[in-house]
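Reviewing the structure listed below.
The values are calculated or read from the model by the stated rules, or taken from the named source; none is laboratory data. All values derive from a computational prediction rather than experimental measurement. Glycine gets a Cβ as well: all are built from the backbone with ideal geometry, and neighbour counts include every protein chain shown.
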Amino acid sequence: MLKQNKFVIGGIVLFLLTGGEASARIEPDSLRQLGEISVVARTVSREVLPVQQLDGVRLERLGAHNVADALRYFSGVQIKDYGGVGGLKTVNIRSMGTNHVGVFYDGVELGNAQNGQIDLGRFSTDNMEAVSLYNGQKSDVFQSAKDFASAGSIYLQPRTPVFGENERAHVKAAFKTGSFGLANPSVLWEQKCSDRISTSFNADYLYTTGRYKFTYQVEEGYDTTAVRHNGDVQAVRLESGVYGRIDDGYWRVRAYLYGSERGYPGAIVRNKFMHEDRQWDLNTFVQGTFRKDISPRYRLQWKGKYAYDYLRYLADPEKDETLMYTDNRYRQQESYMSLVHGLRLSPVWEIGLSTDYQFNTLNANLKDFAYPRRHTGLAALAVSAHTERLKAQASVLGTFVHDQVRTGADRASNKMEWTPTAVLSYQPLLAHEFYIRAFYKRIFRMPTLNDLYYTLIGNTRLDPEYTDQYNLGLVYTRFFDSGFFRKLEWQADAYYNRVEDKIVAIPTANAFRWTMLNLGEVRIAGLDLAMQASARMGNGFYLDGRLNYTYQKARDVTDPSSEFYGGQIPYIPWHSGSAALTMGYRDWELNYSFIYTGERYTSQANTTENYLLPWYTNDLALARSLPLKQGNLRLTLEVNNLFNQQYEVVLCYPMPGINFKLIAQYEF
C-alpha cells in the first residue's frame, strides 16, 4: 500500500510516495531504505527564465491531442495551421520566426536541416509527461550546447515509467473516434524488469478522411458552403524506451518511428476546392542519454542520436490538370553527439562546459542538386552563482559550421559565431515567492540547406539571421494549506526583440525562379501575462484555471523609404489570449477552453486587402472516471469549436467548424 507524504519546502510542494511496508520498518536514527520514491514538484516559479508548462493531466483535460494544440494555450506563441486535421502545424515564439525555435524530445533536439521546420502535429500528447516552453533557454548550466542555441525552446518530455511497491507493469489503452471519420487507437505498455531497469512501448494509429464543411469567404461575406477535400491522413507512430538507474545517475535509450501518407488540402483560391497533391513521410531516430554524478563536485552527461527522414511529394497532372508533374524525394540523415561537464566550485558557484557535434546530409532526386553535407560544432561555457535572494547566470556559445557540396557546386563559406547570454533573478522578500527576473540573449540561426542549395532558388552567400532579446518580468506564487484556494500564480514579462538580416524569398525576372536574400529587419515589443489558480473543497469538488494574454507590436523596419515601413509583420496579431477552466466533482470532470487571436494582416502591407478578421474557438469536454476491475476507465465527450465559427489561421486554409470526439481510455 502506498503512503503519500506531503512536504512544503520554501513554497515548493513535494509529494513522496513510499511503500507502506518499508515505512513501517523505519526506526529513529536508523538508515532508511526506500523501495520506490516518486517526487513531483511544482518548481515553475523558481525558473530564472520565463517558462510555461502543461503536465500530462492538464494536457488531457484541455483535449490537446498533439503538441501543436497544447502550445495554443501558452502566451507569446503563434501557431500556423495549414488546413486543420492533416495540415502542417508550425510554431513561432514572440514573432522571431519558426526557424528560431528549438524543439527537444526527451532532452535531444529534433532536427530538420532541409527547411528547419518541425511539424508539431505528428507528436501525440497521449504519452507525454509534460510540454514546456522556454523563452531564451533553460536556466541550467548543466545542459548540452544545443540547449543554448535557440531564441526559444519547446521541451517535450515523454512519460518515464514509475512503479510503486509490488507493481510490475502498467497498461494504458485508448480509442478515439468522432468527426471526419476519425479512428485513433493507441496502447502504452510499461514493464518493470528489475529494481534498476524498466521498459516502455507505445503505439498508435490515426486515420481520418479530413473532410469537413466550411463556408468560403467571398467579397460579399461568408455565404458559400463547400467541403474540404484531400485532407485524409493515415499515420502510424511506434516508440519504445529502456530506462536504467545506476548509482548517482541514470541512462536511457529511446527509439521512434513515424510513418504517414496524407493529402495536401491546399489553398482555396480562385474557387478551386479540389487538390490532389500527396505526401509520404517516414521519420525515425534512436537516441540515448547517460548521466552520472562522479563526485559531489563533478558530474558528467553524454547524449547521442541517429535520425533518418524520408519525404516524398507527388503532384500528378493526370489527377489534376492544373498541376505540373512533380515527384520529389528527399532523404535526410543526422548524427549527433554531446558531452557535458558540470563542476561545483562552491555551494554558490557552478560551471558547465558542453561540446556538441552534428553531421547532416541531404539527398534528393532533383536535377543539378548540390547534395549538401553540413558539419556543425558547438561549444558552450556557462556559469551560475546564487545567494539567498539573487541568482545570476551567464553563458557564451560558439558555433562552427562547415558545408560540403557535390564537386562543381557553389558552397557557402564557413561560419564561426560567438553569442552571449546573461540572466538575473532577484527575490526582494524571502517570506514570499515573489521574483524579479531579466535576461539578455543574442543568438543566430544558420540558413537552412534549402535556403542555400535548393535548385534555382538557393543563395550560397546568405548570412545568418541574428536576434537580440531583452526581457524583464515578475512572477509571484502563493500556496495555501487550507481554505478554498490552494495555489495562485501570476507572471508578467515585457520584452523587446530585434531580428537582423532576415532571410526572405524574392522573385526574379523569371516567375519560376526565386532567390533567397538577407533583406529584413524586424523589431518586436510585447507583453505576456499569465495567471493560474487551483481551488479545493472538502466534499470532492476542485477547480483549476489558467489565463494567458499577449500583446505584440512586431514591425517591419527593413526599408525606411517604403510606404509600408513600420507595418505589422504577417500573421502576427496585436492581441491574443487563451483561457482554460476545469471543474471536477468526485468522478466527474468538466473542461472549458477558449482561444482568441485578434486582427492581423497577411503581408507587411497593412492594407484592407490583406486584413484578416479576429477568430476564436470555444471547446467543451465532459469526462467520467469509472473503477473497473483492477484499473480505471475514463470516458470523454469533446465538443470543439462549440459555436461553429468559420475562421482561417492561414489565409485560404479554412479550419473545421463544430466537431465532436469520443474517447475511451482504460488504464491499469
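Key figures
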quantity	calculated
Residues of the range 526-557 satisfying the condition of being in contact (Cβ under 8 Å) with a residue 40 or more places away in the chain, under 21 Å from L488 (Cβ atoms) and part of a loop (DSSP other than H, G, I, E, B)	M537
Residues being assigned to a loop (DSSP other than H, G, I, E, B) and surrounded by fewer than 21 Cβ atoms within 10 Å (Cβ to Cβ) - total across the range 349-387	7
Criterion violated by Y336 - all others in (1) part of a strand (DSSP E or B); (2) modelled with pLDDT under 95 satisfied	(2)
Failed item, numbered, when L54 is tested on (1) in a strand (DSSP E or B); (2) aliphatic (A, V, I, L, M); (3) within 30 Å of Y357 (Cβ to Cβ)	(3)
N230 vs. criteria more than 29 Å from V639 (Cβ to Cβ), assigned by TED's automatic domain parsing to the domain that holds P656 and modelled with pLDDT under 90	no
Flag if Q333 is more than 17 Å from I118 (Cβ to Cβ) and surrounded by 15 or more Cβ atoms within 10 Å (Cβ to Cβ)	no
Strands (runs of 3 or more DSSP E) completely within the range 566-668 that count 3 or more residues being modelled with pLDDT under 90 and either in the same structural domain as V57 (by TED's automatic domain parsing) or in contact with a Ser or Thr (Cβ under 8 Å, 6 or more places away or on another chain) (or both)	648-650
Counted residues, the range 388-404 - those being among the aliphatic types (A, V, I, L, M) and surrounded by 19 or more Cβ atoms within 10 Å (Cβ to Cβ)	2
Selection count, the range 68-96, where residues are farther than 17 Å from N548 by Cβ and either out of contact with any strand residue (DSSP E or B) (no Cβ under 7 Å at 6 or more places or on another chain) or surrounded by 23 or more Cβ atoms within 10 Å (Cβ to Cβ) (or both)	8
Single residue of A174, A151 found to be touching a residue at least 40 places away in the same chain (Cβ under 8 Å), more than 28 Å from G263 (Cα to Cα) and not acidic (D, E)	A151
N115 vs. criteria polar (S, T, N, Q), closer than 30 Å to Q234 by Cα, in contact with a helix residue (DSSP H, G or I) (Cβ under 8 Å, 6 or more places away or on another chain) and surrounded by fewer than 21 Cβ atoms within 10 Å (Cβ to Cβ)	yes
Any chance F444 is more than 30 Å from G377 (Cα to Cα), at pLDDT below 95 and out of contact with any helix residue (DSSP H, G or I) (no Cβ under 8 Å at 6 or more places or on another chain)	no
Checklist (1) in contact with a Pro (Cβ under 8 Å, 6 or more places away or on another chain); (2) surrounded by 19 or more Cβ atoms within 10 Å (Cβ to Cβ) applied to Q646, failing item	(2)
Total residues in the range 453-472, condition among the hydrophobic types (A, V, I, L, M, F, W, C) and under 26 Å from the mean Cα position of the chain (by Cα)	1
Residue check for S413: polar (S, T, N, Q) and not in a loop (DSSP other than H, G, I, E, B)	no
Residue in the range 584-627 that is nearest to D544 (Cα to Cα), counting only those that are charged (D, E, K, R) and surrounded by 17 or more Cβ atoms within 10 Å (Cβ to Cβ)	E589
Strands (runs of 3 or more DSSP E) lying entirely in the range 192-280 (those with 1 or more residues that are surrounded by fewer than 18 Cβ atoms within 10 Å (Cβ to Cβ) and of a type in the set (D, E, K, R))	213-218, 221-227, 233-246, 249-263
Close pairs (9 angstrom Cβ cut-off, 6 or more residues apart or separate chains): more than 16 Å from V649 (Cβ to Cβ) in the range 597-611, of a type in the set (F, W, Y) and not in a loop (DSSP other than H, G, I, E, B) anywhere	T607/Y601
Pick from the range 45-59, criterion in contact with an Asp or Glu (Cβ under 6 Å, 6 or more places away or on another chain) and surrounded by fewer than 23 Cβ atoms within 10 Å (Cβ to Cβ), ranking: modelled with the lowest pLDDT	S45
